[in-house]
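Heads up, the thing below is written out as structure tokens.
Quick note: the coordinates plus some simple rules give every number you see, no bench work behind them. Quantities reported herein were computed from a predicted structural model and do not represent experimental measurements. Note: ideal-geometry Cβ built from the backbone for every residue, glycine included; neighbour counts use all protein chains shown.
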């Protein structure tokens, strides 16, 4: 099992602490692409937090492109912190483009013109 710890005295939200610890485990090679993580209920028991706190952290990492959820197969590491950072930046770019009225196809053309 990956070593994940939370500090209940730290003002950082618990789900962010859990996500950060898993993110660090992936960066350190403790959890590698293709590896399955323990079930959320097991992580919650080890950490002494609610299962929903762990699930919230795992969903955050899924949205960053680091984890994949598969029914019947559990949660698998699929990305690296670098990929997660890129996914986060892409989401920010999409948000900014929508805010300024750029449609998807025009945004794609802009990106392609920069490569």
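Some observations on this one:
- In plain terms, the residue of 5, 91 with the fewest other Cβ atoms within 10 Å comes first and the most crowded comes last, giving 5, 91.
- A simple spin-label model places the labels of residue 114 and residue 73 3.3 nm from each other, with each point 7 Å out along Cα-to-Cβ.
- Shown is the FRET efficiency for residue 10 and residue 86, computed with R0 = 22 Å from the Cβ-Cβ distance and rounded to the nearest 0.05: 0.20.
- The structure shown yields Cα extents along the principal axes in Å, and of the options (1) 48, 32, 27; (2) 51, 33, 21; (3) 49, 34, 31 that calculated value carries the label (1).
- Cα centroid separation, the stretch 88-115 to the stretch 32-85 (Å): 28
- Computed from the C-beta positions of residue 100 and residue 45 and an R0 of 41 Å, the FRET efficiency is 0.35 to the nearest 0.05.
- Estimated from helical segments only, the mean residue ellipticity of the chain at 222 nm is -18000 deg cm²/dmol, where each DSSP H run of four or more residues counts as -39500 (n - 2.57).
- Nearest-ten-degree value, helix 51-63 long axis tilted from longest Cα axis of the chain: 30
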